[in-house]
Amino acid sequence: MLKFTENALYVKELEGEDIKEIKEEKQKAAKLPKMEDWLFSMKMTKYLENFVSAGFDSYEFLLMMMCSEHFMLNDMKLKNDVKIEEYEDRNEILTRLYRGILL
C-alpha cells in the first residue's frame with residue numbers, strides 16, 4: 001500500500017498539484033499506529049501475541065496484506081493462522097483494516 005501511495009503522490013506531482021499538499025499526504029501516511037496501539041483502540045490487545053506468532057508484527061504489514069492479491073488477509077486466515085476464534089472479532093479487525101486502506 002505504501003508503495004502505491006508513493007506512486008500516486010508522484011503522479012500528482014507530475015500533474016502540477018501543490019507540493020505542500022503532497023507533503024501533508026506523505027506525513028499523514030507515515031503516522032500509522034503501532035500494532036499494539038491499533039489493537040488497543042479496538043479493545044483486542046489479547047490478540048497481539050497471536051498476530052506476532054503468525055508473522056504479522058506491524059499494522060503497516062497488515063495493510064499491505066490487505067492490498068495483496070496473492071496473500072490477502074481474510075476471515076479464514078485470521079481464524080486459521082492468527083487463531084482468532086470469535087467471528088465478531090475477526091469481522092471488526094477486517095472492517096478496521098479496510099477503513100485503513102481507504103484513508
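Hey, with R₀ at 25 Å, roughly what FRET efficiency would Phe40 and Glu69 work out to, going by the Cβ-Cβ distance, to 0.05?
Efficiency at R0 = 25 Å is approximately 0.25.
How high is the FRET efficiency from Glu49 to Leu102, r the C-beta distance, R0 35 Å, rounded to 0.05?
0.80
If R0 is 41 Å, what FRET efficiency do you get for Met76 and Lys31 from their C-beta distance, rounded to 0.05? Don't skip to the answer; put the middle values down first.
On the way: r = 31 Å, r/R0 = 0.75.
Here the calculated transfer efficiency is 0.85.
Taking 0.36 nm per residue of sequence separation and subtracting the Cα-Cα distance, how much length would be gained by fully extending the chain between Phe61 and Glu86, in nm to one decimal? Present the calculation step by step, with values, prior to reporting the outcome.
Numbers: separation 25, 0.36 × 25 = 9.00 nm, distance 2.23 nm.
Here the segment from Phe61 to Glu86 would lengthen by 6.8 nm.
Can you pull a Stokes-Einstein diffusion coefficient for the stretch 32-103 at 20 °C (1.002 mPa s), Rh from Kirkwood over Cα pairs, as a whole number of µm²/s? Write down the numbers at each step before the final one.
Values: Rh = 12.0 Å.
It diffuses with D of about 178 µm²/s by this estimate.
FYI, it's all coordinate maths here, none of it is from the lab. Only a predicted model underlies this, so the values are computations on that prediction, with no experimental measurement involved. For neighbour counting, all protein chains shown are included, and Cβ atoms are generated from backbone atoms with ideal geometry for every residue, glycine included.
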